[in-house]
Structure formats: C-alpha cells, structure tokens
Amino acid sequence: SRAIKTNQDLLPETPWIHIFYNDFWGTLLTHSGSHKSYRPLCTLSFRINHAVGGMDPWGYHLVNVLLHAAVTGLFTNFSRILFGDGYWTLIAGLLFASHPIHTEAVAGIVGRADIGACLFFLLSLMCYVKHCSTRGSSPSTWGWILGAGLCAGCSMLWKEQGVTVLAISAVYDVFVFHRLKMHQIISTLYKRKNLTLFFSIGVLTSWGTALLGVRLYWMGNKPPSFSNSDNPAADSDSFLTRTLTFFYLPTKNLWLLLCPDTLSFDWSMDAVPLLKAVSDWRNLHTVAFYAGLLLLAYFSLKGSSNEREYNSKTVTNGKQNANGHSCHSELDYKTLEVKSSFASKEENGIKKHEIKKPQLPSTENIVILSLSLLIVPFVPATNLFFYVGFVIAERVLYVPSMGFCLLVTVGVRALYVKAQKRFLKNLVFCSTAALIVFYGLKTIVRNGDWQNEEMLYRSGIKVNPAKAWGNLGNVLKSQSKISEAESAYRNALYYRSNMADMLYNLGLLLQENSRFSEALHYYKLAIGSRPTLASAYLNTGIILMNQGKIEEARRTFVKCSEIPDENLKDPHAHKSSVTSCLYNLGKLFHEQGHYEDALMVYKEAIQKMPRQFAPQSLYNMIGEAYMRMSRLPEAEHWYVESLRSKSDHIPAHLTYGKLLALTGRKSEAEKYFMKAIQLDPAKGNCYMHYGRFQID
C-alpha cells in the first residue's frame, strides 16, 4: 500500500524529480523516519505502470513476469560461459526459473526491486565478462568496463544490494577468467604480472567505493531505525543473543533455498525465535553450515593437488585427455580420441565431429564463483554492517539464488562425472529432473497463495501468526465479515498483545459498530503501546467529543497535535492524523462560539497538512468561521478554495450558496443549491437549505 497505493511519487501531479529525493515509500530520504530504501528506478517503473494503467494490478504483474523471464534468459546465457552448450546450462536455467523462493519477488509487486536489480546485475556482469575477453586485444574493452560500471549503478538504484556485482566481477576475473589460486594471486602481484588484471580490479574497487559513498551521503549519512518487531534480535540487550541469532539466520536462509517447503509473506516478530543460549540445538545447524561453507571454499581455493591438470594430461574413467581442464569439468566438454570420426559428449547426450572447444572453467573455479554469488549479495542482509528491517525476507534471496543454482548444477555434474555405471548416471540425471519438477510444482502451489490477500495471510499463520491474523482481520473487515474480523484481531493479540496497530484496528472496528466504551479501551492500550500513534488519539477524541466530554476531547486533540513526526515509520499518515485532530479541535472551538480560536487551529492544520490530505472540509470550516464573524470576503475565498480542491464537495456548495444569497447574488446562489441537490438527490439536508433560500 505505501509503495504504490498511497505513494504520492506515482501521481502525475507530483514532479518526477521527487522520486530521486524520496525513499521507496515516498518519504524524504533524509527524514528521521525514512526507511532509507533508495530505489528510484523501481519507483519510476511503478509510476510508468500507474500512468499507463492506473491501479489495475494486471499491468504491474505483467511487468514483473516479463522482468523475471528476462533475468532467467540472462542467467542461462551466463551459465553457458561456465558450463558450455548442453544439458548443464539448461539445468541451471531451469533451476532458477522454477525455484519457489522467487514467488514473493515475482508475484508480489514490490518484489520488482529485486528483479530489476538482478537484471542490471547480470547485465553488468556480462559486460565485465566481455571486457575480460577483449582486454589487451580491442579498444572497445574499456567501453565494456564502462558499461559494467553503469549497469552496476543502475542495479543499485533498483535495490541496494545491486552494487555487489562489482565484487562478483572481480571474483570472476581472478578465479574464473585467469584461473588463479590464492597463492598465485600474491605471487602475481609481487612479480607485477597481469597488470591489466589489477588495473581492472582497481577500477571496480574505485567505482564501488564511489557508489557507496554517494549512496551514504544521499541518505543523510545516517542508518535507518526500525521497530522491535521488525528485527527483534537487533533490539536485544544481550550480545550473546544477537550474535547467535545473526549467525543462525544465514543457515535458515540457505535451508529455504534447499528445501522451500515452508514459505511466508512475513518472517518478522517471533517467526524465528531468538537463540538465547549456547545450548540451543539450532546452534548445531549454524556450526554445520559454516563448517561446510569453509571446507567447500578451502578446497576450491586450494584447487586440485595435481597441479599438472592445467598443463598436462589428466586421466578420468581410465581414459586420457589433454585439453588442459580439471578432471571434474573436462567431461562436460572434452574431445576423446577414438577410431571413429565422431566424439561422444555423454553429459550433453549429443554427438559432434571432433573439434577443439574453448577451455571452460574447472569445477573449482565455478564453485568459487557460485559461493561468491551466493554469499556476497546476501551480506547486506546479514546485519553485519548495519541492522536491517526484517528477520528473513524471501525476496532478498532472488539474487543469491543464482549462486545456489550454479552450485547445485556443478555439484550434480561432478556426481554425474564420477559415477562409473550408466545406472548411477541416469539416477543422478533423473533426480535432478525430479528436483526441478518439484520446485516447479511448489512454485505453482505458492502462486495460488498469492492470488489474493486472504489466501496469502492464511498461508502465513503457521509461520507468523500474530502478523498473519492481524492482516487477515483487515481483509475480513473490508469484506464486511465483522465478527470474523474481530476474532482475527483477537487471535493476533493473543500471540502478541502489545501490537499497537492491532489494538488500534480492533478499536476502530468496535467504534464503527457503535461499541464506543470498548473502542476507547483498545485505543488507550494502543497509545500505551505506542505513544506516537496519532490516529488512536484522533479517534479517542472524536468518541469523547460525541459523548459530550468536551474538555477531555480537547486535551486529547491538543496532545495529538504536539506529537512530532520524527523517527516515525509513516510520517505522511501521521501528519494526516494530526491534521484531522486539529480540524476536529477547530470544530470543537467553532461549536462553542470561539471562532478566533477555531481559525488559529485551522491555520495550524494547514501548516501541518501533508500533500495527500484532502483539504476541502478544512477550507469549508474556515469559511464558516469567517462567515460567523461577518468577514464575508475571507469566507468567500475559503469557500472557493474548498470547491477548487474538490468540485463535488456538497457542504461547500451549500455554504457558498448561503453566502451568495446573503450578498444578493440570488441567481448564482440558486445554481450552487441546485448543484448540491444534483450531486446527492437523496440527501434531505440539501432540500432544506434550498427551501430556506426560496423562502428568503
């Protein structure tokens, strides 16, 4: 809702340049309550969607699906560089296309930020690959690195993690293109070999530093702040709890990639319980995860103990090969010396005339790149450098899932190559095909959950019951299922009793059903949980005013008007509530005959009024106050302003008609009375005012 439905940056009357000064939700980036999510290109794409199709969701979903298709195509093309033509490239592409973890990013409109970032991420990486292949042989090579830098910048402007492509490009250059091992990097640097390599790495480093520096400056040099429910571990006072939980969360994310059986639209609050002690059994998962990761990285960086595999013959399955590849990767693309004029490529299931193929990366090289692609884009979400506003977010795994898909593919290929019997090879191949099918089926099922809000929130009850029940209550209320909505709100509060939003929503439901005393109780609880919740003060004041408790209502409105909008998640909504509070406070003074006080409050409301606030009622009441004070020119000005802001505002037609009649402009007055009747023929109040006009 905040990213699209209530985002003023999508509206045509808002200057498009505002997109580059506001965050993803339309809040000024330097505001203390800003989320600091600077994604102007994604917001710009939403604005184009809005300009073409308004709020029709079909166009938004179409763009997301097309972007995912484009990313899948680019990823498959990149996989060809690593695996060559054939089945392995196809498997990598199918794994990425079908993975259920992508459902949130593709089916959820705001997930477009991750898809767009991934698109330019891959474009940047492909440009850098082209730079590597043309370096030293073509002047266009520096054009390719420039393209890589520009695409990296665009990726970051879709979502922050896009800048990590520069690190992945460096890994590709060192470990895949140049095939260096760790000890070779140091010796190469010491002997000043491959200076062009280090120059390219220097360009990437400088550009990355510049992008991060500008990004930090643009958001006001301050990190964002989040509520306790967004990231409970970050709010914990215990260093041990924070450390154990933050180390465990990547393990949980990897499990979602491996086995995406349980998915949820929201993993905040207590969806992942904090690890508070070393004795927590989940720490075993953490140890196993990091041990496996380190071992895999160590053996890949160390490489094969047989250094001759890069410059002499290697033996695999009892046959010799001298193409200079490692024993794991060579079988995917080697040429065998046989008596016939054909060479068999058993991994790809095709036969070709014997030709010399370009050397492809070894298994170790691909593993290093895959691990980098899995880990580096995920680092910004680890709370390592700054706290993030979520516990787990499935959409954040969209880019890292590329590394996962490559890792699975290279692992399956290694098993296939090592298998001695045809039965075992077929088993590996069929198991991989089954995995892709299962992923695809899970994606189809998960898409069903995303068909509408009710299904989505019901699917999340088992993971995050408090948030899911609360959101479900909002949906049921919009469907006029009042008793079910009330039950849902109470279920949410059962799991988390201090949720201010849920307390407020339950109070609002009770208020709309004339259960005012109960509503007041829940509004007071909401204010106790979050003293800055202006909407709760507003509705409390309205109930008190309607109950004749004028002094209590006045104090409530005044207190609400004094709440600053600093460090608030949604300052626009807060300002709207404060403006409404001042409007009602002004009405209260107006009804007491204190017109000067009313005007003072109304003018304060105008000063605090946000852009999205509908001001017609406020302007009309200002006109009414001037009218009562017999200051007719000022009254006419504000009546006209009210009608200018909303031409079909019936109260302004009636009050302006009365003023025109009072000043002797009978024909004009009659037009406004008749217009009010046309706007709402069933409203008796319009006929009453018109009848009085006719009598006078």
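The values are calculated or read from the model by the stated rules, or taken from the named source; none is laboratory data. Fair warning: this is a prediction, and the values are worked out from it, not measured in the lab. Don't worry about glycine lacking a Cβ; one is built from the backbone with ideal geometry, like all the others, and counts go over all protein chains shown. Heads up: the accessible areas ignore ligands, DNA and RNA and are worked out on the full protein's heavy atoms, side chains in. Shrake-Rupley method; radii C 1.70, N 1.55, O 1.52, S 1.80 Å.
Residues in the chain average 47 Å² of solvent-accessible surface per residue, probe 1.4 Å, ligands and nucleic acids excluded. What's the center-to-center distance, using Cα atoms, between the range 581-630 and the range 215-244 in Å? Rounded to whole Å, the Cα centres lie 41 Å apart. Using heavy atoms of the protein chains and a probe of 1.4 Å, the accessible area assigned to Met600 is about 130 Å².
For the chain, the spherically averaged projection of the C-alpha convex hull amounts to 38.3 nm². Computed from phi, the 3J(HN,Hα) profile of the range 481-498 under the Karplus parametrisation 6.51, -1.76, 1.60 (θ = phi - 60°) reads 8, 5, 5, 5, 5, 4, 4, 5, 4, 5, 5, 4, 6, 5, 7, 8, 6, 9 Hz, with x in place of Gly and Pro. Entry note, the range 614-695: relative contact order of 23 percent, from Cα contacts under 8 Å with a spacing of 6+ residues.
For His521 and Arg215, what does the FRET efficiency come to when R0 = 41 Å and r is the distance between their Cβ atoms, rounded to the nearest 0.05? My answer for the efficiency is 0.35.
Computed across the range 536-690, the Kirkwood radius stands at 16.4 Å (inverse of mean 1/r, all Cα pairs).
Given a 1.4 Å probe and the protein chains as shown, His61 ends up with an accessible area of around 70 Å².
Quick check: Cα centre of the range 39-75 to Cα centre of the range 87-112, how many Å? Result: 16 Å between the Cα centres. With the simple model of a label 7 Å out from the Cα in the direction of the Cβ, Thr30 to Leu384 spans 3.2 nm. For the range 531-612, rounded, prolate or oblate, judged on the Cα gyration tensor with a ≥ b ≥ c (square roots of eigenvalues), a/c < 1.5 rounded, else prolate if a/b > b/c? Taking the square roots of the gyration eigenvalues as a ≥ b ≥ c, the range 531-612 is oblate. Only helical runs count toward this figure. For the chain, summing -39,500 (n - 2.57) over DSSP H runs of n ≥ 4 and dividing by all residues gives -20000 deg cm²/dmol at 222 nm. Using a probe radius of 1.4 angstrom, the carbon and sulfur fraction of the accessible surface of the chain is 62%. Of Trp142, Trp267, the order by accessible heavy-atom surface (1.4 Å probe, DNA, RNA and ligands excluded), from most exposed downward, is Trp142, Trp267.
Here the simple spin-label model places points 7 Å from the Cα toward Cβ, and for Arg611 and Arg2 these points are separated by 1.7 nm. Around the amide H of Leu28, modelled in the peptide plane, lie the amide H atoms of Asp23, all under 5 Å away and 5 or more residues distant in sequence or on another chain. Computed over the range 531-612, relative contact order equals 28 percent, with contacts defined as Cα pairs under 8 Å that lie 6+ residues apart. Here is the tail figure for the range 1-132: Cα pairs spaced more than 26 Å apart come to 33 percent of all pairs. Taking a ≥ b ≥ c as the square roots of the eigenvalues of the Cα gyration tensor, the range 614-695 is oblate, since a/c reaches 1.5 or more and a/b is not larger than b/c. Sequence-ordered 3J(HN,Hα) estimates for the range 686-693 from the Karplus curve with 6.51, -1.76 and 1.60 and θ = phi - 60° stand at 5, 5, 4, 5, 5, x, 4, 4 Hz, glycine and proline given as x.
Residue-wise HN-Hα couplings along the range 91-106, as the Karplus relation 6.51 cos²θ - 1.76 cosθ + 1.60 with θ = phi - 60° gives them from phi, are 4, 4, x, 5, 4, 5, 5, 9, 5, x, 5, 7, 4, 4, 5, 8 Hz; Gly and Pro carry x. Averaging the sequence gap over all C-alpha pairs within less than 8 Å and six or more residues apart, then dividing by the number of residues, gives the chain a relative contact order of 11 percent. Taking 7 Å steps out from each Cα toward its Cβ at Ala51 and Ser140 produces label points 3.2 nm apart. So which of Lys5/Lys646; Lys5/Lys683; Lys159/Lys569; Lys467/Lys524; Lys481/Lys559; Lys575/Lys658 end up more than 26 Å apart by C-alpha? In this structure, Lys5/Lys683; Lys481/Lys559; Lys575/Lys658 exceed 26 Å between Cα atoms.
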